[in-house]
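Novice: Attaching a single structure in structure tokens format; questions to follow.
Nothing in this text is a laboratory measurement; each read-out follows from the coordinates by a stated rule. The structure displayed is predicted, hence computed values, not measured ones. Counting neighbours? That spans all protein chains shown, and the Cβs are built from the backbone with ideal geometry, glycine included.
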Amino acid sequence: MPILLAGVVTTLSIAAIIYLLWPTWRSEVTSLPDRTPVSVGATLFNVPTMAFRVKMQKHSGPQERVDLNFQYPSLAPPERPKHVNAETIEQTGQPIDRIFLSIAAHHDALAPELRLRTIYPRYLMPEASAASDGLTQQAFRDGSPYANEDLFSASAPELSARCTRDGATPGMCLSERRIDGADLTFRFPRQWLAQWREVAGAIDQLAKQLHGPRS
């Protein structure tokens, strides 16, 4: 009995010490900042943190390239992807509702505007056609570096896009512009050209949000 009582007293003493010494604080999950400043080609961009596509790029400071995506037409950073399995993928589907944007240092490579004026015309078919209200379509020649692609252009608002044609997969377009030491490449579905004015406005708005008014 004395041994049993001694054991009970010792256990209670240890429990009391643990209770008194146990930390009462709780660690809080630190939230990421809304925006992350990055420098690409010595050009500063203020990037929404949730817009980064590559986890290793999600930090501030100088970078050679960053890859981003934005919901369309809201231009908000994408929400966290929902879990999709083999049973639900057919019901949920995977519609393309994003504008993809790559920002890379150009290192004095040929500017997109010069490529549009001096390189593309060498490979374009001579005839052009009206694709939509104010939008012109011109096909690239077969056997050229841009075979199976079309060039779309408009002046009001300004838009130039090189697009692959629909095939086994839907056609995609890319539109480029230069801001100081960086080249911005926007990618979006070709079918969006049916509302090309809205797409041109979205590209302008994204450029302004990330860097400021276009010079």
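Novice: Could you give the nm distance between label points at Arg65 and Ala194, where each point is 7 Å from its Cα heading toward the beta carbon?
Specialist: So the two model labels end up 3.3 nm from each other.
Novice: If each residue's Cβ is checked for other Cβ atoms within 10 Å, how do Ser153, Ser74 rank with the fewest at the top?
Specialist: Ser74, Ser153
Novice: Moving to a separate point now. Compute and list, largest first, the equivalent-ellipsoid semi-axes of region 29-211 from the alpha carbon gyration tensor, each √(5λ) rounded to a whole angstrom.
Specialist: 29, 23, 15
Novice: Assuming 0.36 nm per residue, please report the length gained on full extension of the stretch Asp142 to Ala128 beyond their Cα-Cα distance.
Specialist: Here the answer is 3.5 nm.
Novice: So, in Å, what gap is there between the alpha-carbon centers of region 173-205 and region 43-82?
Specialist: Region 173-205 and region 43-82 have Cα centres spaced 16 Å from each other.
Novice: Quick one: length gained pulling Asp34 to Ser155 fully straight, 0.36 nm per residue minus the C-alpha distance?
Specialist: 40.1 nm
Novice: Give me the percent of DSSP beta bridges within region 29-211 that run antiparallel, rounded to the nearest 5.
Specialist: Rounded to the nearest five, the antiparallel share is 95 percent.
Novice: Using only alpha carbon pairs under 8 Å that are at least six residues apart, calculate the relative contact order of region 29-211 and give it in whole percent.
Specialist: 19 percent
Novice: Report the gain in length on full extension from Asp166 to Ser74: 0.36 nm times residue separation, minus Cα-Cα distance, nm rounded to one decimal.
Specialist: 30.6 nm
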